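Peer 1: Dropping a structure here in structure tokens format, bear with me for questions.
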Amino acid sequence: MRVILLSLLLVSGLAVAGEKIVYQSWTAELNGNTNEAYTAADANSSLGLFCSHEQCLFYLRQGLNCSPGTKYSVLMNSPGVSTALSMECTLINGNVFQILTPFNTVLQATQGGDGIGFAVALQSGAFGVTRFSLAGAKQAIERVLTEAANSKKREQKPIPVPSSPQILIVPPVQIVPQTPQNTAPNVRPNQPQKPGSKDIST
């Protein structure tokens, strides 16, 4: 799982800038096979969805010190969903991202309401709380998920096979040898004589 997360996020640093669409507080960046929807609370905090091909994940970036590879618990609160999530710290290009799971729970929480908050337990015993706007989140996330689905369809597009020349199948013709016909008139083949009979043909 960790290898997949790393590879997904590493691709984001290599993606070529493509179409950028703003949906209120959220932005969707479409780059073909790598697509992202995100919002920011400030310069150090962001929440987003990143997809590489058809594989997608939600990430949280906060100005917190967490050890890469370590899993933590985080409390998520939105108008639709309030629950505890698991997050894994991952270091990408010098920035620490927290990968949020389970995916479907976070997706459901971003589909309605005004805002969403995350509370992370700190070593001091306090909680680091970050809130993000959900204005435009549903549209931006749906656009990125649609692009991810289209990316999968493009990969599964069958390779055209060159057509082979058409072969005409003709049923075989049976050749029946012709027998020569006897042209002599009124000639009957010799028939075996029955005992006691006379030949009346002569």
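What follows is calculated from the coordinates using simple rules that are stated; it is not laboratory data. What you see is a predicted model; the values in this text were computed from it and never measured. Cβ: placed from backbone, ideal geometry, glycine included. Neighbour counts: every protein chain shown.
Peer 1: Report, in debye and to the nearest 20, how large the dipole of segment 2-155 comes out about its Cα centre when Lys and Arg carry +1 and Asp and Glu carry -1 on their Cβ.
Peer 2: Roughly 160 debye, rounded to the nearest 20.
Peer 1: Based on the alpha-carbon gyration tensor of segment 33-121 and its eigenvalue square roots a ≥ b ≥ c, which shape applies: rounded if a/c is under 1.5, prolate if not and a/b is larger than b/c, or oblate?
Peer 2: rounded
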